[in-house]
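The values are calculated or read from the model by the stated rules, or taken from the named source; none is laboratory data. Values in this document were obtained by computation on a predicted structure and should not be read as measured data. Because the Cβ atoms are built from the backbone with ideal geometry, glycine has one as well, and the counts that use them run over all protein chains shown.
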Amino acid sequence: MMVKVLLVPLFFLFSSLSGVFPQRPTEMCVKAGEIVALQCPHFRGYNHSDAKLTWTRHTSQETGLTNTPLVEQSQMGVLLLGRSLVILNASVNHQGDYSCSLGNASRQFRLAVCTTQRRTYSVICYVQKSCPMNCPEVGIPAVNTLNITSNDIIWHKENESLPKADYFSSVEENDQGVYTCTRSYLYDGQIYNKTFIVKLDVQQKRQSEKSAAIISPRMNDVFHVDLGSTVVIDCKAVLSSDFDEVFWLSGDSFVERNSSLPVFYNYTHEYDSEETKMTASLVFKKVSEEDLSKKYTCKLDSDSVPSSSVTITLAQKPCPSYISLALGIVCVVLVMVFTVVIYVKFKINITLFLRDTLGCHSRTSDGKSYDAFLMCYKSDTDAGLDEEGRKWLKSVLEERLGYSLCLYDRDILPGKAVAEAVLDCIEQSRTVLLVPTSPDPDPGSGLLSVIHAALVERQTHLVFIKTETTEASRSGSLPEALQLLSEAGDCVTWKGTRSMPPSSSFWKQLRYHLPVPQHAPKISLLPQTV
């Protein structure tokens, strides 16, 4: 973590220094035996007339080329001419990494020497239109390089021996193909060549008449910016001739091209056989309040058609409004609270609806023989279920709801220890349903006290039925074992005759706490009322 913290300020430090932050080397490929020139650019912020330019070749041992005597330069096959490093006759001995530096600024090059020319350049022209063939200007000596004279460019079409012209006044489809252009240079009485592969593609599309026009931005566009930020606005235009010009105005004053100013512009050209595009980029180093109060105009001056212009303005980005965000958060919270409240209030009805109507429940094959073991316990308040209530409870569970019950007086065979027999029945049941009775017809409360530890150890699912009188008498009326079991299980309150209808709240709660019956109900249930 500490390393990452230290890297952040270092990143900004390197980014603020022109040329210090590592850059990807400029890769160049030259055919063996040909001339190649590496051009060192003009670094921004340096007085190039006084600064000392140095060239270095990076091998296992770095070799400084700037102070190398001319004799040694000649033996190495390199020349330092102005801002150019020229290799007259490239060979595998020359490939590798080079760099030029001026103070803290530098540019890196990676030179590869190959036996054949691999890169192909493309030119698109249109049938019966003029087609200039431009030979690429990559890796060639700069114009007026000392002691190097440039000769005419010679064109050859693939599989043809006679030279070709570099201009077609009316190109045809049979002119398309692969061409080779050769640039030749005279140095010290010897000719050195550099060749390029150019593919001419002749298409049927009709060339539209050239007309000068500004493509973007649009008139009266407003650019929203942040104060203190760096902003670049591109003005793109299609030129009708080489004499057209695109520039920027601030009010009635010209914007300078001096990059040392807080506001300046620069431009680039894009050429193809059909049209020429120019992009004039207006650069704000740091947007100020004064910049927001001015209007800036991109103007296209043309000799052949009327000049055109567009005017734009800057506006500060509005502060983000948090009202809509706050309203959105409040709405989401309200929806979540409402959903939770609805679910808590109606979770039993929702669960039973999903279970009965949509079948949304999990069925696991646990090997149990019974859904529930119905076991009675003695109610000391004399308010337990009477015999009629117990019969109704068993009838609804088995015949209407389809539960498979294990009953003490029906399914436990005699001849076996009572506690062991009851535990076996509990082991075969998915739930134990404890029912209050008075009097106690089964071993009941006494047996529960004996098997209490076994129920807790096995983590048996318990559903404890209570009566309203039992709840009113609170926990003190129950034996300790029953009290502990009631706290460990789920409780449902029996309200006498009001709980007898299958659609009552009692049955909904009981079904909610009981597992889904393994077999379908024998009799359809009454509709649920939510």
Out of (1) surrounded by fewer than 16 Cβ atoms within 10 Å (Cβ to Cβ); (2) in the same structural domain as GLU289 (by TED's automatic domain parsing); (3) at negative phi, the odd one out for LYS236 is which?
(1)
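So which of GLU137, GLU158 ends up being under 24 Å from THR276 (Cα atoms) and either of a type in the set (A, V, I, L, M) or exposed (fewer than 14 other Cβ atoms within 10 Å of the Cβ) (or both)? Full working, then the answer.
Values: GLU158 fails: under 24 Å from THR276 (Cα atoms).
Just a single option satisfies the conditions, and that option is GLU137.
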Lone qualifier among ALA142, ALA213, ALA112 - being of a type in the set (Gly, Ala, Ser), surrounded by fewer than 18 Cβ atoms within 10 Å (Cβ to Cβ) and more than 29 Å from ALA32 (Cα to Cα)
ALA213
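Which residues, counting only those in the stretch 119-155, are assigned to a strand (DSSP E or B) and within 11 Å of CYS181 (Cβ to Cβ)? It would help to see each step written out before you state the result.
Here is the first cut: in the stretch 119-155, the residues assigned to a strand (DSSP E or B) are 120-126, 131-132, 149-150, 154-155.
TYR121, VAL123, ILE154, TRP155 - these are the residues of the stretch 119-155 that are assigned to a strand (DSSP E or B) and within 11 Å of CYS181 (Cβ to Cβ).
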Any chance the stretch 236-249 includes a residue that's hydroxyl-bearing (Ser, Thr, Tyr) and touching a residue at least 40 places away in the same chain (Cβ under 8 Å)?
yes
Being closer than 17 Å to LYS466 by Cα and modelled with pLDDT of 85 or more is the filter here, so list the residues in the stretch 500-523 that pass it.
SER504, SER505, PHE506, TRP507, LYS508, GLN509, LEU510, ARG511, TYR512, HIS513, LEU514
Can you pull out every residue in the stretch 115-127 that is surrounded by fewer than 16 Cβ atoms within 10 Å (Cβ to Cβ) and out of contact with any Lys or Arg (no Cβ under 6 Å at 6 or more places or on another chain)?
THR115, THR116, ARG118, ARG119, TYR121, ILE124
Please count how many residues of the stretch 279-316 are part of a loop (DSSP other than H, G, I, E, B), within 14 Å of ALA212 (Cα to Cα) and not β-branched (Val, Ile, Thr).
5
